[in-house]
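Worksheet: the structure to be examined is printed underneath.
The values are calculated or read from the model by the stated rules, or taken from the named source; none is laboratory data. The shown structure was predicted, so the numbers you read here are calculated from the model rather than taken from an experiment. Virtual Cβ from ideal backbone geometry, glycine too; neighbours counted across all protein chains shown. The area values use the complete protein model at the heavy-atom level, side chains included, leaving out ligands, DNA and RNA. Shrake-Rupley method; radii C 1.70, N 1.55, O 1.52, S 1.80 Å.
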Amino acid sequence: MIRVLLLLLGLLVVAGLAFLAYALSPKAMEPVPRQSRAAFSELAIERGQRVARIGNCQVCHTAKGGPSYAGGYGVETPFGTIYGTNITPDEETGIGSWSLEAFSRALREGIGQRGEHLYPAFPYDHFTKLSDGDVSALYAFLMTREPVRRAAPENDLPALLRFRPLLAGWKLLGFSEGRFEPDPASDERVDYGRYLVEGPGHCGACHTPRNLIQAEKSSQALEGGLSAGWSAPAIAGRIEVAVPWTQGTLETYLRDGYSVDHGAAAGPMQPVGVNLARTPGEDAGAIAAYLLSVMNQDVRRQVEPSQAEAAERLPGAALFAGACAQCHGGGASASAQGLPLERSGATHAETPRNLVNFILHGRQPSASAIGPAMPGFAAILTPAQVAEIAAYVRARYSSEPPFAKLGETVDELVAKAARP
């Protein structure tokens, strides 16, 4: 028995030493002088800007009201807040002294210039699939931005998780390095769309559920996840819709953030559409073509008249009539007509998150976007009133059962909205 225990202990020691060697193996890369714009071709810079927009890089690397790409945006995770770093070419606080090799290693292996493991809030589990050309182009684009001297805030994490060698353990369990592999049997546009979804677009970062260590569940890729307090709906596998997506409607939604038959983009999805609308239409077209190839769409059954009639006896009916019916009721004028709620994905979703978020925050589309604006009611309605309206909308405009944990969700999102 003692010999067995000693053997197990020995194996544990060997495994621990092997892990430590792996965790500490990345080396720092030599800094290089910042390169001038003349070092890059205009074609590469232009492609890099396109890749940056598809990847939504500006959002996570720009603080609210701050200079673009200078870092400071807080990404909320179950473990704490991780702040986007400065990726302008400032040599002291940004990536100005990074070589292309160091930049590529960060994207593909999640290792910074100093050899430190990067937190997977930076989605290198997707960026590892970028082509050599796109990595070089993105480098060219970022190195030709205006350098900004600005250090990102310290991450707000438990002390243990600030010890970066531990991230090597996450990589062993949840990360696979590897380039995108084209499928010669696939339609060229569909395969390009798969590259954009799996690589630079990193759609799975929001739309794929995660396990206990917050790695994406690859067996449920794109089947729905969470992001910044919003539900990211399933965009692959079986989905229920009021009207099936088509190439045209999905392409328009991806660029404009609105479809009268499906809903309006909001929360973290809203800037995705704004950025995608600034790239050539073939990008959104390819993403739409790929997503349609992995969707299995079912049309929802309609609400029975008796169910709609019963919903009018709920407490939220009167609140809805006062706060919402002017735009969402049948008598709204064309200019004031809001989204038909029976077609909105938020009304039929598994959780009340998105519907509650819409009630609290509304929707403010960008100047170039289409679709109606909606005011938020966070400062007007009490949490109980928000819950009553959400319960009414669910009962009146869907055939789904009442939302589970509605009150808890409202309290959570109200508390989140109150935080600075």
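Quickly run through the stretch 126-162 and pick out the residues that are farther than 17 Å from Gly201 by Cα and of a type in the set (Gly, Ala, Ser).
If the condition is that a residue be farther than 17 Å from Gly201 by Cα and of a type in the set (Gly, Ala, Ser), then Ala140, Ala151, Ala152, Ala159 are the ones that fit.
Please pick out the residue among Thr77, Thr128, Thr144, Thr81 that is of a type in the set (S, T, N, Q), free of Cβ contacts under 8 Å to residues at least 60 places away in the same chain and surrounded by fewer than 22 Cβ atoms within 10 Å (Cβ to Cβ). Please lay out each step first, then the result.
Details: Thr77 fails: free of Cβ contacts under 8 Å to residues at least 60 places away in the same chain; Thr144 fails: free of Cβ contacts under 8 Å to residues at least 60 places away in the same chain; Thr81 fails: free of Cβ contacts under 8 Å to residues at least 60 places away in the same chain.
Going through Thr77, Thr128, Thr144, Thr81 in turn, just one is of a type in the set (S, T, N, Q), free of Cβ contacts under 8 Å to residues at least 60 places away in the same chain and surrounded by fewer than 22 Cβ atoms within 10 Å (Cβ to Cβ): Thr128.
Checking the condition at pLDDT below 95 and either in a helix (DSSP H, G or I) or surrounded by fewer than 18 Cβ atoms within 10 Å (Cβ to Cβ) (or both), which residue from Leu138, Leu166 passes?
Working: Leu138 fails: at pLDDT below 95.
Result of the check over Leu138, Leu166: Leu166.
Give the number of residues within the stretch 34-60 that are open to solvent by 100 Å² or more (accessible area, probe 1.4 Å) and in a helix (DSSP H, G or I).
Of all residues in the stretch 34-60, those open to solvent by 100 Å² or more (accessible area, probe 1.4 Å) come to 34, 37, 42-43, 46.
Restricting the remaining residues to those that are in a helix (DSSP H, G or I) gives 37, 42-43, 46.
Here the count works out to 4.
Counting only residues that are in contact (Cβ under 8 Å) with a residue 60 or more places away in the chain, under 30 Å from Cys60 (Cβ atoms) and open to solvent by less than 30 Å² (accessible area, probe 1.4 Å), give me the helices (runs of 4 or more DSSP H) lying completely in the stretch 239-340 with at least 1 of them.
Ranges flagged: 269-276, 281-294.
State yes or no: is Pro26 within 24 Å of Ala215 (Cβ to Cβ), in a loop (DSSP other than H, G, I, E, B) and either hydroxyl-bearing (Ser, Thr, Tyr) or touching a residue at least 12 places away in the same chain (Cβ under 8 Å) (or both)? Show your work before the answer.
Working: within 24 Å of Ala215 (Cβ to Cβ): yes; in a loop (DSSP other than H, G, I, E, B): yes; either hydroxyl-bearing (Ser, Thr, Tyr) or touching a residue at least 12 places away in the same chain (Cβ under 8 Å) (or both): yes.
So Pro26 passes the test.
Do we find a residue being touching a residue at least 60 places away in the same chain (Cβ under 8 Å) and not β-branched (Val, Ile, Thr) anywhere in the stretch 1-18? Let's see the steps before the verdict.
Taking the stretch 1-18 as the starting set, the residues that turn out to be touching a residue at least 60 places away in the same chain (Cβ under 8 Å) are none.
No, the stretch 1-18 contains no residue that is touching a residue at least 60 places away in the same chain (Cβ under 8 Å) and not β-branched (Val, Ile, Thr).
Is it true that some residue in the stretch 367-381 is open to solvent by less than 70 Å² (accessible area, probe 1.4 Å), on the phi > 0 side of the Ramachandran plot and touching a strand residue (DSSP E or B) at 6+ places or on another chain (Cβ under 6 Å)? Don't jump to the end; show me each part of the working.
Step one: list which residues in the stretch 367-381 are open to solvent by less than 70 Å² (accessible area, probe 1.4 Å), which gives 369, 371-372, 374, 376-378, 381.
When the remaining residues are screened for being on the phi > 0 side of the Ramachandran plot, the result is 371.
Now narrow it down to the ones that are touching a strand residue (DSSP E or B) at 6+ places or on another chain (Cβ under 6 Å): 371.
Yes.
Every residue in the stretch 169-201 that is of a type in the set (Lys, Arg) and open to solvent by 60 Å² or more (accessible area, probe 1.4 Å), please. Step through it out loud before you land on a result.
At the first step, the residues of the stretch 169-201 found to be of a type in the set (Lys, Arg) are 171, 179, 189, 194.
Arg179, Arg189, listed by residue number.
Step by step: first the residues of the stretch 382-402, then only those that are hydroxyl-bearing (Ser, Thr, Tyr), open to solvent by 20 Å² or more (accessible area, probe 1.4 Å) and in a loop (DSSP other than H, G, I, E, B), then the one that is modelled with the highest pLDDT. Which residue is that?
Top of the filtered list is Thr382.
Picking from Pro31, Pro89, which residue would you name as being at pLDDT 95 or above, more than 21 Å from Leu172 (Cα to Cα) and surrounded by fewer than 19 Cβ atoms within 10 Å (Cβ to Cβ)? Talk me through it step by step, then tell me what you get.
Details: Pro89 fails: surrounded by fewer than 19 Cβ atoms within 10 Å (Cβ to Cβ).
After ruling out the rest, the residue left standing is Pro31.
Tally up the residues in the stretch 141-163 that are out of contact with any Leu (no Cβ under 8 Å at 6 or more places or on another chain), in a helix (DSSP H, G or I), among the aliphatic types (A, V, I, L, M) and under 25 Å from Leu24 (Cα atoms), please.
So the answer is 2.
In the stretch 202-220, what residues are in a loop (DSSP other than H, G, I, E, B) and either in contact (Cβ under 8 Å) with a residue 24 or more places away in the chain or open to solvent by less than 50 Å² (accessible area, probe 1.4 Å) (or both)?
The initial filter retains those residues of the stretch 202-220 that are in a loop (DSSP other than H, G, I, E, B), namely 202-203, 208-209, 211-215, 217.
Once the filter is applied, which keeps residues that are in a loop (DSSP other than H, G, I, E, B) and either in contact (Cβ under 8 Å) with a residue 24 or more places away in the chain or open to solvent by less than 50 Å² (accessible area, probe 1.4 Å) (or both), the stretch 202-220 yields His202, Cys203, Thr208, Pro209, Asn211, Ile213, Gln214, Ala215.
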